Structure formats: C-alpha cells, structure tokens
Amino acid sequence: MKNLRFLFIILLTLTVHVNNASASRIKKGNDALAVKDYFRAKKQFTKGLKYNPSPSAFGLATIYSRNDNPFYNLDSAYRYILVSDSLFDITNDRKKLKWKKYGWTCRSIDSLKLLVSTGFYEFAKKKNTVAQYTDFIQNNTWAREYETAIYSRDSLAFFQAVANNDAVSYQKFVATYPESSFIELATDNYHNSQFLELTRDGSLESFKNFVALHPESPQRKEADKVIFEKVTQSNTVEAFQDFALNYSQNTFIEQGWAEFYQDYLFDYSKGRIVEFKNKYPQALNMAEVDSDIALFNTVLLPFVKNGEYGLMNENGEAIILPKFQYVSQFKDGLASFIENDKMGLLDKRGEIRIRAKYDAISEISEGRFIVEKDDLLGLIDRKGKEILPCIHDDMGELSEGYLYASVNESYFYVDYNGNRLSEQFFLDATDFKHHFAIVETETGVGLLNKTGKLVLPALYNQLKWLSDSLLSFSENDRTGIISISGDTISDAKYNYIGQFYNDLALVSNADTVKYIRKNGELAFDAFFETYPNYKLKGDFINRSAIVVKLGKYGRINDTGDRVTELEFENIAIGEKFYPFEKEDYWGLMSLSNKVLVSPKYDALDLVAHQLAITKLEDSVGIIDVNGGVILSNSYRSIDFVAKNTFAIFNGSSYALFIDGNFASNFEYKTISLLNERFVSLKDEVSVVYYDLENKRLVKLKEESE
C-alpha cells in the first residue's frame, strides 16, 4: 500500500513537471512573439503542441499569419487556427484563465480566423476567377467576405453565361448554382432565348405569332403584355376599343376592358356610363359599370372620426370607414385621399383607383390630372397611367387639347396623351386660347398655332389677348394692337390697353382714360381720369363702365353718355345694383340711379343679387337691396357662402345663417361651401353638413344618435 502511494506521488510529480515544462513553452513562445523573435517563438509553440495544443496552435497561427517574418504562410495559419479553434472548448477552464493574458481567448481565435480568411479573400479577389472564389467559399464559411465572395463568384459565372448568351450556358449555371442571387435572372434568360428569336424584329405580328405557336410558354404573359401595350400605345379610346374587341384571349383582356372603360369616361356623365353598358354588353367589367350606374347619384360626404376621414351617405351612414388623413368630395366619380402624407384617388365603392404616391393631385379635367411629386409635375389619366412623368418644373392648364410643360425651364407643348406638338422649345409658354398660344423665344414673343407654327413671328416684347382675334403688343414701353394675322390695328402709343368688352376697350395714357373700338378708332370723344382699380372697374361689363373726372365717379354707356352723374366719391362694380360712396359713407343705387340705401355705412359689399354685407365701425351686418336689415351690425365678420347663405363670426366661433335665420349655433371653427348643395361646418374634431336643398343638418349617425 505504501509502495502504491509512493508510485502515485512520483507519477503526479512527473505530470506536474511535464505540464509545467509545457506551460513554460506557452509563456516562452508568447514572450518571444512579443519581441518578434519568430524563430524561438515557433520552436516553443511547436513543442507545446503535444500537451497544450490549442494555445500552441494559436501562437503558430499568429506567426504564420504575419507577413513580417520568413514563416508567413496563409495555408499554415489556416491549418493551425482551425486546430486552436476546435480544441479550445475542451481545454480546461484553469488553462483558459491562465493563458488568457497571452491573448488566447475564444474572441481572439475568431478574430484571427477572420483575419486569415480575409487574406485568402484578398488572394481570391486578386485572381478574380470562379475557381478561386469557389475554393474560398468552400473553406471559409465563417468569413466576413463569405456572402461577398459568393456574389462575386456567381457574378463571374453568370456573366460568363451572358457572354455566351445561349440556353446551354444558362442551364449549366442554374444547375451549378441553384442558390445564387442570379438564379431567377438566369432562368428567365434561359426561357427568353426562344422568345427573343421569334420576336427579334419587335413587330406586333411577331408577338402575335409567338403566342399562337407557344401558348404555354412562360413568356406568354410577356408577349401578351407587349401586344397590349402596342395596340393601346396611343392611349386613345379607339385604341382600347380595338384591343377589347379583337384580343379576347390576351392575358390582359380584363385590364384592357377596365382601362377602355376609364378612357371612355373622359366626358364623365351617367349617360356616358349607360352608353358604354349598352354599346359593349360583352365587357368583362360589367359589374363595375353596373355599380357605377347604381352609385352615380349617391351622395358621399367626408366625415372625421378620431382624427381620420371616411365617407358617409346623406343619411349619415358610414359607407367608407375612416382610415385616411383626408378625403375630398367626389368629382367625376373620384375623390382624392391622403394616406401616409401622400395623395391618391378612390371611387365610390371605396376602391383605390390610384394609390397614394403623389404630393398633390389637381382636379380632373377631361379625364386627366396634373400630379406633383418631390416638387416636380407630371400628368396622369383616370387609369393612373403616367402620360408625363413627374420631371417637369412647370405645367399649364389642360386647354383646347394641349398643355405646356417645361424641364429645366425649357417649355414645350403636348396633347392630352403626351404627344409633342412639335420639337420646338421655348423660354416661356402660355395656355392655348382662341386656338393659339403666346410663346417666348430667344428673339422675342410670338403666337403659335396648333400645327406648331408661329403665325406671328417671335419679334415682340410682349403679347396679350384683347379678344379672340386681337392682341396687344409692346414697343418702347408703349402698347399697340395687332391682329392674329399680323395686321397692325393701332400703333404702340398707349400706356395700357384693356380687353374688349362689347367691342370696346379701355386705353390710357398718363392720367387719361378713353375707349376705342376694334378698328383702333376712338369710340366717342370723351376723356376721363385714371383712378385706383380703373383697369378692373373701367371695362364695359354689362354695357356700362365706371369713369372718373375731376375726382368724381360716375357711369357711362357704350355710346359715351352718362348713365350716372359724375358726383360720387367711389362706385363699385355691380349688375343690377351699384354700391356708391358719398361723404365717406356707402349706399346702394339701382341701374336707373335710384338710391335704394342711403349712404350711411363704412363699407357695403354686394355679395348676392338681393343682399349686401355692411360695416359700421368694427361690426358687420346684412341688408337687402332696399335697405331692410336682415342681420344687425353686431358681429365681428360675415363670409358669403352661397345664395342667401352666410357664415357669421362672433369673435370666437361661426354659425350658419340662411334665408334670414340662424341654421346653427355658434359652435364651428370654419364654415365653407362644399358644393352647390352642401355647406361644410367644422369644429375642432368633426364635420357636419347643411343640406341646402332639404334644409337639414347631416351628421354621422353615431354622433346624431
């Protein structure tokens, strides 16, 4: 027994001695490594592999990974770092703690693995071959560059196939690299080869032939799409009709009918919808057509609940649940909405016709919308098709079949389908009016017709419409008249020429006003003075004009005769009645100059045929044209809303006033006209409507119950 105990002590002593000796090699190796004594470090680590393989292998991997010594070898570094990594977890914790101070940790091993792998990656990158990248990928799955290497390898292999550009090469790529990010593209290219051969000339007939020969091809849909786009390329009603009637087997036939229907509604009306239904009973979107007919007369009003907008019918029943930041009223069957701060369009079924992706959308005009995105403008139709992309810094109104647009302040004209009127560019442009457009070039201003030709050469400083056949032009800071055919009607001798009304136009020189006819001659031998707003009030509207002489206002007819004596301090524009000012107060007179309301108000604004808003000091009221008080002067402000309808402000809130009576309490933040039938009344959190036709308030049912 004593002998056994003695033997154990001897063995333990030998083991400790061996371990200590091995441990000293780890220390000596790292000490040598610290002073870059690579020969001694390598010798110590090599001897230490037998009893402490993981830290020793880590030391050797470190030596082989450094390029400042003769032992630099990435393959050896790779081999030893894998040994160190594989044995680290089975090394006892005492040793891990003991040699941590030499940088031998799990994190350090991982870092060195990554460093070695990066070296292999740089080598592969330099070689830049499929084989080299493949070798790296197979042996360095943990590398930071692993995914990048896969992409680089696949990219090289794919573009080798592209260079060959044949089905065999693409098929080989797909079989070799089934997980590649290029797999879908390679597969598509494989199937495309046959498709491209048969449709190489790009003609409509070639695509039709491809579909006929290969109706089950994966490229069938693409061929059908090209056919659809080619047939409807002009974006006209006639083109969509051709597609709908003659391509019934096309993959896009349902879309074709839907878009044909939307284009058909450029002239929107219930009759137009019914006409489509009767004319095309085979239409595949007949359910939509029937729904539009049924919903045509349905009134939908925006409402607000919990800060979100929805739509209710005129009975206050929610039809489209609140989920939008804003919803407008409907026009031509569509309403704009805002979602995530972007604007789109929806129909009366609540279906989104154009998704919310624009910053702004104009009102519809002949089936077209001007849209804004990132401060640039474009043009779309009811289908949402971008006729002009949002790349334009300016765009005009849809007028007489054309509109102007500009890119980088270079202007040009297009029709409603985006077709250029001509290849000309202009420095400035205007909307078409009277079949012509005023344009500016580097040489001056001219007149453009609808064939894209200048009927008046661009030689003028300025042109302005005076009538459907006459324009004013400027020369040496003076203004004259020219016809659209280029005939000079009046030399440039006036400071200002107004538009022709009842064949008469106001002209002025210095402080003098007179009137001329379309032949340039004086209408009558009478001269008057300029006055504030004379360019607006001095025109012959309703066959009379407001004139001033010796500082006094009056009215004349189109023969120059006075119809109101020149004895007033001011006269405002009117039709059947005229507000006038005398001795600093305003009153009202009839066409025959009969004083209906004696001058006693600080201001009098005729807002309806029979009503006027009056002001006395800081208060306003309403009277009729005979001076009868409808609402006393005791309110802060009054806004005219519609016939006999006003928004009355008491200083803190608004109330609705209709036909001489209050239709609501003072409880609203704003009151405005929604359309000819409904008035919108908004408070802080909701909106209600007053139905002018049925004399009632419309509220969301939850709020009214």
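Every number here is computed from the coordinates shown, using simple stated rules; none is lab data. On a predicted model such as this, the values are computed, not experimentally measured, just so you know. Cβ placement follows ideal geometry from the backbone for every residue including glycine, while neighbour counts extend to all protein chains displayed.
If you take the residues in the range 542-572 that are under 17 Å from Y496 (Cβ atoms) and under 47 Å from the mean Cα position of the chain (by Cα), which one is surrounded by the fewest Cβ atoms within 10 Å (Cβ to Cβ)?
Step one: list which residues in the range 542-572 are under 17 Å from Y496 (Cβ atoms), which gives 545-548.
With the extra rule that they be under 47 Å from the mean Cα position of the chain (by Cα), the set shrinks to 545-546.
Values: A545: 27, I546: 25.
Within the range 542-572, the match that is surrounded by the fewest Cβ atoms within 10 Å (Cβ to Cβ) is I546.
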The condition of being of a type in the set (A, V, I, L, M), without any contact (Cβ under 8 Å) to a residue 24 or more places away in the chain and closer than 30 Å to P599 by Cα holds, among L522, L506, L566, only for L566
Every listed condition ((1) of a type outside the set (D, E); (2) more than 22 Å from R677 (Cα to Cα); (3) assigned to a strand (DSSP E or B); (4) touching a Leu at 6+ places or on another chain (Cβ under 8 Å)) holds for V641 save (2)
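Criterion first (buried (at least 20 other Cβ atoms within 10 Å of the Cβ) and charged (D, E, K, R)) does R349 satisfy it? If you could, list the steps in order and put the result at the bottom.
Details: buried (at least 20 other Cβ atoms within 10 Å of the Cβ): no; charged (D, E, K, R): yes.
Judged against the criteria, R349 is not a match.
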Scanning the range 352-376 for residues that are exposed (fewer than 15 other Cβ atoms within 10 Å of the Cβ), part of a strand (DSSP E or B) and touching a residue at least 24 places away in the same chain (Cβ under 8 Å) gives R355
(message) It is to be established whether one or more residues within the range 457-476 are within 30 Å of Y261 (Cβ to Cβ) and either touching a Ser or Thr at 6+ places or on another chain (Cβ under 9 Å) or surrounded by 18 or more Cβ atoms within 10 Å (Cβ to Cβ) (or both).
(response) no
Can you say whether V679 is more than 18 Å from F640 (Cβ to Cβ) and surrounded by 13 or more Cβ atoms within 10 Å (Cβ to Cβ), as far as the supplied structure shows? no
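Evaluate the following for D154: is it surrounded by 15 or more Cβ atoms within 10 Å (Cβ to Cβ) and more than 30 Å from T118 (Cα to Cα)? Walk me through how you get there before you give the answer.
Numbers: surrounded by 15 or more Cβ atoms within 10 Å (Cβ to Cβ): yes; more than 30 Å from T118 (Cα to Cα): no.
So D154 does not fit the description; no.
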Here the residues within the range 40-63 that are under 60 Å from the mean Cα position of the chain (by Cα) and more than 16 Å from S86 (Cβ to Cβ) are T62
Scanning the range 84-102 for residues that are hydrophobic (A, V, I, L, M, F, W, C) and either within 60 Å of the chain's Cα centre (by Cα) or surrounded by fewer than 16 Cβ atoms within 10 Å (Cβ to Cβ) (or both), the one nearest to S117 (Cα to Cα) turns out to be F88
Within the range 278-320, residues free of Cβ contacts under 8 Å to residues at least 24 places away in the same chain and not in a loop (DSSP other than H, G, I, E, B) come out as N278, K279, M286, A287, D290, I293, A294, E308, G310, N313
Of those in the range 573-605 that are among the basic types (K, R) and more than 50 Å from the chain's Cα centre (by Cα), the residue surrounded by the most Cβ atoms within 10 Å (Cβ to Cβ) is K582
By my count, strands (runs of 3 or more DSSP E) wholly in the range 540-605 with at least 1 residues that are within 15 Å of D624 (Cα to Cα) are 577-582, 585-590, 595-601
